[in-house]
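Written out below as structure tokens is the structure these notes cover.
The values are calculated or read from the model by the stated rules, or taken from the named source; none is laboratory data. This one's a predicted model, so the numbers in the text were calculated from it and none came from an experiment. Cβ placement follows ideal geometry from the backbone for every residue including glycine, while neighbour counts extend to all protein chains displayed. Remember, those area values only see protein heavy atoms, side chains included, never the ligands or the DNA or RNA. Shrake-Rupley method; radii C 1.70, N 1.55, O 1.52, S 1.80 Å.
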Amino acid sequence: MVMQMIQVLAFTILISIISLLFSLKETAASMAKPGCPETCGNVSIVYPFGIGKGCYLDKRFEITCNNSSLPHPLFHVDEENEAEVLYMSLEYMRIRDWASPDCYANYTSEGQSYAQFPVAPMEPFSYSHTENKFIGIGCDIFAYIGYSNTTNSTNKSYISGCVSVCNGQGWSWLDTNYSCSGIGCCQNTFPEDLSIFEIRIGNMSTWADGGDWPSNQCSLVLIAENNFSEFHQFDVSFSNVNKTYFYPSVLNWAIGNKSCHEAQKRGDYACGSNSRCVNSKKGSGYTCQCNSGYRGNPYLPDGCGDKVIVNEGQEKEILAVAKIAKRCLKLSGKKRPAMKEIAADLHQLRRTMKQPSLQQTCQDNCPVSGRYSFSSASTSAVTEEYALQG
């Protein structure tokens with residue numbers, strides 16, 4: 001009789017834990033605006049982005065989904081150019097970016113060949129300085145990326161760059177084992193998210209006859225995600241200067257160009273209920289986040305409506321309790337652990353738990369299997385019951 005009671009109790013605990021684990025692993029609620037397309041191809045759409053009229057916050061967040069056999073989402077990086085979206089979230093988007101070679105013969109200034117060009121304003125998007133790197137590809141080149149703003153009351157400027165050198169008569173990727181380490185290819189970080197910037201690339205003329213090298217006439221510059229390593233795709237002989245190369249990069253995004261303080265006074269304030277406003281790190285605009293204890297899409301009016309059931313950091317503790325309960329379900333008495341051993345395991349687990357409780361927040365209409373609370377107090381009670389009956 002005692003063993004049956006213990007098995008029932010252990011089974012109840014196990015079912016409750018499985019219910020919690022399913023709540024952790026269940027598919028997330030749609031992040032798109034209700035009534036609007038939720039996916040394009042294998043990319044989930046996250047509002048304020050949207051497909052179709054009325055499904056996005058404003059035109060900068062409009063997504064176009066082609067109807068081919070392999071549909072993929074496109075959006076406008078700037079007023080003229082589109083890019084494919086590979087992934088999007090509430091914080092950033094991963095895109096399929098592109099670049100083509102620039103050749104110095106087309107640019108001359110004070111006796112030195114170089115190319116300098118501004119990048120069209122991208123706001124509300126910006127290249128993430130934490131998730132990307134700046135890359136220059138070419139022989140005996142310098143590559144700079146910079147920004148200067150003198151329109152405000154305070155001047156703001158920065159610059160980053162790298163130098164790529166070559167040995168003898170040019171180079172090939174075989175010389176570097178297809179790595180970017182300063183020979184024929186250089187890379188560097190940049191200090192801030194980039195939405196308005198200029199790029200300059202040029203020949204350092206290190207070698208007297210360097211201008212005659214086939215690989216010394218042109219170069220490539222790109223901003224690619226940090227783990228990008230597919231350098232073998234770039235033809236460093238630059239035999240086809242019209243060729244376009246594709247690679248992944250990461251863009252951050254924000255709402256508008258107002259601060260939280262200014263935006264909250266406007267009628268188009270984008271943060272929904274149970275959310276808070278956060279000023280964008282790029283210096284203008286803002287983002288929205290669900291308040292502590294809530295989850296969902298803070299850009300939807302009631303998007304932060306789901307209470308967080310359990311902290312992700314507690315999942316290993318839940319699994320540990322589940323394993324203990326499973327051991328108690330052994331039919332063979334020889335295989336079941338002694339109650340003193342279970343009590344010791346639960347006591348040790350309680351000591352190592354980072355949080356004081358594994359309690360499911362729930363209302364009276366919750367399913368029975370989801371109403372059990374595994375706080376330190378209730379765990380202690382179970383421990384004492386096992387110890388007494390053992």
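What is the sum of charges around Asn227, taking Lys and Arg as +1, Asp and Glu as -1, for the other residues whose C-beta is under 13 Å from the C-beta of Asn227? Don't jump to the answer; show the numbers that get you there.
Values: positive: Arg94, Lys133; negative: Glu131, Glu225, Glu230.
Residues close to Asn227 contribute a combined charge of -1.
Obtain the nm distance between the two label points defined at Thr39 and Tyr87 by a simple spin-label model: each point lies 7 Å from its Cα along the Cα-to-C-beta direction.
1.6 nm
What is the calculated FRET efficiency for Ser229 to Glu341, with r their C-beta to C-beta distance and R₀ = 56 Å, to the nearest 0.05? Walk me through the numbers before you get to the answer.
Working: r = 50 Å, r/R0 = 0.90.
Efficiency, rounded to the nearest 0.05: 0.65.
Mind checking the full-extension length gain between Ile159 and Asp58? Use 0.36 nm per residue of separation minus the Cα-Cα distance, one decimal, nm.
Working: separation 101, 0.36 × 101 = 36.36 nm, distance 3.22 nm.
That pair, Ile159 and Asp58, stretches by 33.1 nm at full extension.
Where Lys and Arg each count +1 and Asp and Glu each count -1, what net charge lies around Pro73 among other residues with Cβ under 13 Å from its Cβ? Walk me through the numbers on the way to the answer.
Values: positive: Arg94, Arg96; negative: Glu38, Glu62, Glu82, Glu84.
Value of the local net charge: -2.
Around Phe49, under 10 Å between beta carbons, what's the net of Lys plus Arg minus Asp minus Glu among the other residues? Could the numbers behind the result be given before it?
Working: positive: Lys33, Arg60; negative: Glu62.
Net charge in that neighbourhood comes out at +1.
Rounded to the nearest 10 Å², what accessible area does Met339 show when all protein chains are kept and the probe is 1.4 Å?
20 Å²
Where does each of 183-191, 138-146, 63-71 land if you order them by average Cβ count within 10 Å, highest first? Numbers along the way, then the final one.
Values: 183-191: 18.9, 138-146: 23.4, 63-71: 11.8.
Highest-to-lowest ranking by the protection proxy: 138-146, 183-191, 63-71.
Using 0.36 nm times the number of residues separating Glu192 and Thr244, minus their current alpha carbon distance, what extension gain do you get? Display every interim value, and only then the final one.
Details: separation 52, 0.36 × 52 = 18.72 nm, distance 2.66 nm.
Extending this stretch completely gives an extra 16.1 nm.
Pulled fully out, how much extra length does the chain show between Gln116 and Ser179, if you take 0.36 nm times their separation in residues and subtract their Cα-Cα distance? Can you show the working numbers first?
Details: separation 63, 0.36 × 63 = 22.68 nm, distance 2.58 nm.
The span from Gln116 to Ser179 would gain 20.1 nm if fully extended.
Once R0 is set to 45 Å, what does the formula 1/(1 + (r/R0)^6) return for the Cβ-Cβ distance between Glu79 and Leu319, expressed as a FRET efficiency to the nearest 0.05? Intermediate results must be reported in sequence, preceding the final value.
Details: r = 51 Å, r/R0 = 1.13.
Efficiency at R0 = 45 Å is approximately 0.30.
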